[in-house]
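The values are calculated or read from the model by the stated rules, or taken from the named source; none is laboratory data. Only a predicted model underlies this, so the values are computations on that prediction, with no experimental measurement involved. Every residue, glycine as well, gets a Cβ built from its backbone with ideal geometry; the counts of neighbours run over all protein chains shown.
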Amino acid sequence: MPDQQCTCVTLATFWTYDYISSLHEEWTFLLRSRWTKLKALYIIARYIPFFFIATDLYMIFTPNENPDKCRMLINIYSCLGVISLTCSECFFILRTYALWNKNRIVLVAMLSTLFAIMVSFIGIWFTAVATSDVITSTIPGAVGCYRSSSSVYFFVSFLLLFVLAVVLVFLTLIPIIQSWQKAKGHLHSILVKHNMFYYACSLFLSAVNVLMPVLSSYVSMNFFERFQALILAILATRMHLDLWRNNWHAHDSDSLECISMSDRLPEDPTV
C-alpha cells in the first residue's frame with residue numbers, strides 16, 4: 001500500500017510541475033483569447049485534474065476506517081476522472097474535425113462514437129467499482145482507503161478508450177497523408193505541424209492500460225489509470241495552447257475571428 005502513496009505523490013508532483021512551467025503561457029491565453037465554448041472546455045479540462053488529484057491525495061493519506069465513506073470517495077474520484085477523460089477526448093475530436101475541413105458527417109460520427117464509448121465506459125467502470133473490495137487503513141503503515149481488486153471490467157473500460165484512440169488516429173492520418181501527397185513535403189514536418197504525436201501518446205497510454213491488467217500487478221495498473229487521465233489532460237490542453245499561440249502570432253489578436261482549433265489543414269506543410 002505505501003507504493004500507492006508514492007505513485008500518487010509522484011503524479012501530483014508531475015502535474016504541479018507541468019502547471020507551473022506553462023503558467024505564463026496559459027494565463028496569456030486566458031487573458032487575451034475571446035470567451036468561447038472551447039475556452040470553457042479548456043478551463044474544465046485543465047482544472048478538473050486538480051480536484052482529481054486532491055481527491056486522490058485525500059483518499060490515500062487521510063485515515064479512514066469507514067468503508068462506506070471510502071467507497072463514496074472512490075466514486076467521486078472516478079467521476080472526476082471520467083469528466084477529465086471526456087474533456088480531453090473532446091479536444092482531440094475537435095482537432096480531427098478541423099483537419100477534415102469541418103466535415104459535419106465526420107464530427108457527428110466521432111461524437112456518436114465518443115458518446116457510445118463513454119456511456120459504456122461509465123457503466124462498466126462503476127460496475128467494477130461497485131463489485132470491488134474496499135480496503136481501509138487496517139494495514140500497518142498504510143492510511144486511507146483503496147480499491148483492492150483488479151477486475152476484468154477495468155480492462156474492458158480501457159479497451160474502449162483504446163478503440164476510440166485508434167479511430168481518432170486513423171481519421172487524423174487520412175487528411176495528413178493526403179496533404180503530404182499533394183505537397184510532397186517532409187512527412188515528419190506534417191506530422192509535427194498537425195499534432196500527430198499528441199494522438200500517438202494518447203494511443204500508447206490506452207494500449208498500456210489495456211495490457212497492464214495482464215502483464216503487471218494491481219498497483220502498477222492503478223498507477224497507469226491515474227497517469228492516463230492526467231497525461232491526456234496535459235496533452236489536450238497543451239495541443240490547444242500550441243494551436244492558439246501559433247494562430248495568435250500569425251494574426252493580430254484584435255482581428256482574430258476564429259479560434260486556433262478550427263484552423264483548416266493547409267495543403268503546403270511549410271505555410
Exercise for review: Please verify whether the range 224-232 includes one or more residues that are surrounded by fewer than 16 Cβ atoms within 10 Å (Cβ to Cβ), modelled with pLDDT of 80 or more and either in contact with a Gly (Cβ under 9 Å, 6 or more places away or on another chain) or assigned to a helix (DSSP H, G or I) (or both).
Suggested key: no
Practice item. May I ask you to verify whether THR96 is of a type in the set (Ser, Thr, Tyr) and under 20 Å from LEU243 (Cα atoms)? Key: yes
Practice item. Check LEU38, LEU85 and return the single one that is under 30 Å from ILE174 (Cα atoms), surrounded by 15 or more Cβ atoms within 10 Å (Cβ to Cβ) and in contact with a His (Cβ under 9 Å, 6 or more places away or on another chain). Key: LEU38
Check your understanding: Just wondering, is there one or more residues in the range 55-67 that are in a helix (DSSP H, G or I), closer than 30 Å to ASN246 by Cβ and not small (Gly, Ala, Ser)?
Key -> no
**Study point:** Those residues of the range 1-47 which are without any contact (Cβ under 8 Å) to a residue 24 or more places away in the chain and not in a helix (DSSP H, G or I), in sequence order
**Key:** TRP35
Review point. Of the residues that make up the range 102-109, is at least one surrounded by 20 or more Cβ atoms within 10 Å (Cβ to Cβ), small (Gly, Ala, Ser) and part of a helix (DSSP H, G or I)?
Key: no
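To keep it simple, each residue is scored yes or no on (1) among the aromatic types (Phe, Trp, Tyr); (2) outside any loop (DSSP other than H, G, I, E, B); (3) modelled with pLDDT under 70; (4) surrounded by 13 or more Cβ atoms within 10 Å (Cβ to Cβ).
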{"residue": "VAL192", "(1), (2), (3), (4)": "no, yes, yes, no"}
{"residue": "TYR199", "(1), (2), (3), (4)": "yes, yes, no, yes"}
{"residue": "VAL219", "(1), (2), (3), (4)": "no, yes, yes, yes"}
{"residue": "ASN222", "(1), (2), (3), (4)": "no, yes, yes, yes"}
{"residue": "LEU235", "(1), (2), (3), (4)": "no, yes, no, yes"}
{"residue": "HIS240", "(1), (2), (3), (4)": "no, yes, no, yes"}
{"residue": "ASP268", "(1), (2), (3), (4)": "no, no, yes, no"}
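Please find, among ILE174, ILE122, the residue that is under 30 Å from ARG71 (Cβ atoms), modelled with pLDDT of 80 or more and among the β-branched types (Val, Ile, Thr).
Numbers: ILE174 fails: under 30 Å from ARG71 (Cβ atoms).
None of the others qualify; the one that does is ILE122.
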Check your understanding: Within the range 59-76, restricting attention to residues that are touching a strand residue (DSSP E or B) at 6+ places or on another chain (Cβ under 9 Å) and either within 17 Å of ARG226 (Cβ to Cβ) or touching a residue at least 40 places away in the same chain (Cβ under 8 Å) (or both), which residue is surrounded by the fewest Cβ atoms within 10 Å (Cβ to Cβ)?
Key -> PRO67
Practice item. Please verify whether the range 7-27 includes one or more residues that are over 20 Å from the mean Cα position of the chain (by Cα) and either crowded, with 16+ Cβ neighbours inside 10 Å or farther than 19 Å from LEU243 by Cβ (or both). Key: no
